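The values are calculated or read from the model by the stated rules, or taken from the named source; none is laboratory data. Remember, predicted model here, so these are calculated numbers, not experimental data. Cβ placement follows ideal geometry from the backbone for every residue including glycine, while neighbour counts extend to all protein chains displayed. Areas reflect the complete protein model, heavy atoms only, side chains present, ligands, DNA and RNA absent. Shrake-Rupley method; radii C 1.70, N 1.55, O 1.52, S 1.80 Å.
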Amino acid sequence: MDAQENPVFSRAAAPPDLEPAARRIVALLGRVDDGGLDGPTPCPDYAVRELLGHLAGLATAFRDAARKDLGASTAVSPDAALPVLDDDWREALPRRLDEMAAAWRSPDAWTGMTRAGGVELPGEAAGAVALNELVVHGWDLARSTGQPYAAGEAELRSCEALLAPAAGGPDGGADADGADAADGSDGGLFGVPVPVPDGAPLLDRVIALSGRRPDWRPDR
């Protein structure tokens, strides 16, 4: 699919702001107890500590992708190894998320080519993937730690437009110019979609498209 034909990459619309999704994650961090770092998450291979490590890594990678600073942080596949959570994560992770959101506020971030997860892709596609990462993994963290979670409709529509083609929607399962590989949805953290009832809330539909059960709880 040509990026210009995908509604999530439409140049007619202003690029989305990643700050609300990033700030929601920062707000969740304050209630993450050290004793819960080994608790389960909706990502089968990740405990809470690995999920936080993944968030730290993706915040750095997508910050650098926005800046077109293509080095080691943008070269590694997200499922190459289990993430390691740094000891200073309580200070470092909020800072990295803020830097990521700020980098994507630059119009230049959404133009030209960049790289994320070892995949070359258009800046507008990388930005959509970055937003999807924040929204879905923000939900992961909230569910894993027993906190409420809500996302804006515009954010969810962007995620839905990104995930539905890869799930075999109207575009027949074609990826969005490398977006599948960049976000790991070819077999990593974003898996096979699960069914939801007709009329399910938009957040539930997005979460289901990412391969998660919207009713997931740590004790189930």
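Work out the FRET efficiency for residue 33 and residue 198 from their Cβ-Cβ distance, taking R0 = 35 Å, and round it to the nearest 0.05.
Result of the calculation: an efficiency of 0.40.
Pop out the ³J(HN,Hα) list for the range 45-54 in order, Karplus 6.51 cos²θ - 1.76 cosθ + 1.60 with θ = phi - 60°, rounded to Hz; leave Gly and Pro as x.
With the stated coefficients, the range 45-54 comes to 8, 10, 7, 4, 5, 5, 4, 5, x, 5 Hz.
If amide H atoms are built 1.01 Å from N in the plane of the peptide, which residues on other chains or at least 5 residues away come under 5 Å of the amide H of residue 113?
Distant-sequence amide H within range of residue 113: 123.
So which trypsin sites (Lys or Arg not before Pro) in the range 15-66 pass both tests, a DSSP loop state and at most 15 other Cβ atoms within 10 Å of the Cβ?
For trypsin sites (Lys or Arg not before Pro) across the range 15-66 that sit outside H, G, I, E and B with at most 15 neighbouring Cβ atoms in 10 Å, the list reads 31.
If the viscosity is 0.692 mPa s and the temperature 37 °C, what Stokes-Einstein diffusion coefficient in µm²/s follows for the range 11-154 when Rh is the Kirkwood radius over Cα pairs?
My calculation gives 215 µm²/s for D.
Considering only protein heavy atoms and a 1.4 Å probe, what is the carbon-and-sulfur percentage of the accessible area of the range 59-157?
So the carbon and sulfur contribution to the accessible surface is 52 percent.
Can you tell me what the convex hull of the Cα atoms of the range 22-77 projects to on average, as an area in nm²?
Hull-based average projected area comes out at 4.6 nm².
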